[in-house]
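Worksheet: one structure, shown below.
The values are calculated or read from the model by the stated rules, or taken from the named source; none is laboratory data. Owing to the predicted nature of the structure, the values given are computational and were not obtained by experimental measurement. Because the Cβ atoms are built from the backbone with ideal geometry, glycine has one as well, and the counts that use them run over all protein chains shown.
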Amino acid sequence: MSAAQGPPLSSGMSGGQGLRLTLRGIGHAYRGLQVLQDIDLTVAPGEVLALVGPSGCGKSTLLGIMGGLIAPAAGVVEAHGAVADDCLNPITYVFQDFALLPWRSVRDNVALPLEPHLPRAARRARVDEVLALTGLDAFAEAWPRELSGGMRQRVGIARALAVRPACLLMDEPLSALDAQTRTLLLEEFAGLIARAGTTTVYVTHTLSEAVRIGHEVAVMSRRPGRVRALLRIDRPIEGRRATDPDLLAMEARIWAMIRDDAATAERERVDAAD
Ligand SMILES: Nc1ncnc2c1ncn2[C@@H]1O[C@H](COP(=O)(O)OP(=O)(O)O)[C@@H](O)[C@H]1O
Ligand SMILES: [Mg+2]
C-alpha cells in the first residue's frame, strides 16, 4: 500500500542524489470539474518541495499524478536520475491516515513492501535498521492499535524508508496528530529526510511545516489549482528552527498570498455541508 508504480524512469541522467521530478503542463478534471491547470514544477534531486494551498485546491490529486496513481488529463510527469541498487520502490507514499494493517505487528507492517523482494534474513536486517532509525526498536512486536497516532506515523515513515525510495511523496503526514506530536515528529522527519537525501514532495496546509521542511515552497491557488508562487529557502533543513526569523517572515508572506483563497475555500466547505 505504500507502494505505487510511478512514471517511467530513466537512469543515469542526473548527477545528484535521488530523482529529478519534472511536471509539464499538468491539468486534471474530475467529471468536468477542473481541479488542476497548467502546472509546471521541478523537484531537484535530493531536495524537498513543500506544496501548500487551501483545502480542495488539488494537492492530493497532484501528488497522485506525481506518483503515477492518477493519469493526468493534460501534461506529463518525468522522473530522471539514478536509482540506488538497493531501492525496491522508486516512488513511495506516506499517507495521512498511516494506512497500517491492523492484523500485522509493527515489524510485519514495515516488512510488507520488502516481502516480494528480499529473503527473510535481509528483510529482518533492513526492518531492524529502519525501526532503530525511527525510534521504534522497542515497539517492533506491538500492534498498531497499541500505538499512539505519532507512533503509528513513525511506522508509516519506517515502512516508506525501508524500500530506500528515490522519491518520497508525503500527503499531510502529520495532520491527523495533535499539535505537540506534530511539532516533535516534524523535527524528526526533517532530520530523517535531510539525512536520507531523498527527493521529497511534502503536502501540507500548515505553513509553518512547509517553511521548516522545504527547500522550496510551491504555493497553490484555489481550484483550479495552479502554482501561484515558488519560494526558495536556501538553507539546510537540519539546523532550522520553527522560530527562526527568516522562516517566520516567509510564513507571513505565504499567508498574505493565500488568506483570501483559504477563507473562500472554507466558505465553500461550509456551503457544501449545508
Ligand atoms: N476521485 C474524485 N472524484 C471526484 N472529485 C474529486 C476526487 N478526488 C478529489 N476530488 C475533488 O477535487 C478537488 C481537489 O481535491 P484534492 O486533490 O483532494 O485537494 P486537496 O488535497 O488540496 O484538498 C476537490 O474539490 C475534491 O472534492
Ligand atoms: Mg488532500
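Which residue is farthest from Ala140 (Cα to Cα), if the candidates are limited to region 72-105 and must be in contact with a His (Cβ under 9 Å, 6 or more places away or on another chain), within 16 Å of ligand 1 (Cβ to nearest atom) and in a loop (DSSP other than H, G, I, E, B)? Show your work before the answer.
Residues of region 72-105 in contact with a His (Cβ under 9 Å, 6 or more places away or on another chain): 72-75, 88-89.
From what is left, the residues that are within 16 Å of ligand 1 (Cβ to nearest atom) are 72-75.
Those still in the list that are in a loop (DSSP other than H, G, I, E, B) too: 72-73.
Values: Pro72: 39, Ala73: 42 Å.
Per the criteria, the residue is Ala73.
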Exercise for the section: Filter region 41-56 down to residues that are within 13 Å of ligand 1 (Cβ to nearest atom) and under 15 Å from the mean Cα position of the chain (by Cα) and give me whichever is nearest to Ala265 (Cα to Cα). Expected result: Gly53
Practice task
For Thr206, indicate whether it is among the polar types (S, T, N, Q), closer than 26 Å to Arg20 by Cα and surrounded by 21 or more Cβ atoms within 10 Å (Cβ to Cβ).
Solution key: no
Problem - Members of region 63-77 found to be of a type in the set (A, V, I, L, M) and crowded, with 19+ Cβ neighbours inside 10 Å, listed by number - result: Leu63, Ile65, Met66, Val77
Fill in the blank from the handout: Residue pairs qualifying under the 8 Å Cβ cut-off, at least six apart or on distinct chains, with the first in region 62-83 being under 17 Å from Arg31 (Cα atoms) and small (Gly, Ala, Ser) and the second being assigned to a helix (DSSP H, G or I) and modelled with pLDDT of 95 or more, are Ala71/Ile65
Problem - Residue list for region 78-114, filter: surrounded by fewer than 22 Cβ atoms within 10 Å (Cβ to Cβ), closer than 20 Å to Asp171 by Cβ and more than 16 Å from ligand 2 (Cβ to nearest atom) - result: Leu101, Leu112, Pro113
Fill in the blank from the handout: Counted residues in region 168-188 being part of a loop (DSSP other than H, G, I, E, B) and in contact with a strand residue (DSSP E or B) (Cβ under 6 Å, 6 or more places away or on another chain) come to 2
Practice task
Would you be able to say whether some residue in region 115-122 is closer than 20 Å to Ala166 by Cβ and out of contact with any helix residue (DSSP H, G or I) (no Cβ under 9 Å at 6 or more places or on another chain)?
Solution key: yes
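Please state which one of Ala256, Ala263 is at pLDDT below 85, under 15 Å from Thr206 (Cα atoms), aliphatic (A, V, I, L, M) and exposed (fewer than 14 other Cβ atoms within 10 Å of the Cβ).
Going through Ala256, Ala263 in turn, just one is at pLDDT below 85, under 15 Å from Thr206 (Cα atoms), aliphatic (A, V, I, L, M) and exposed (fewer than 14 other Cβ atoms within 10 Å of the Cβ): Ala263.
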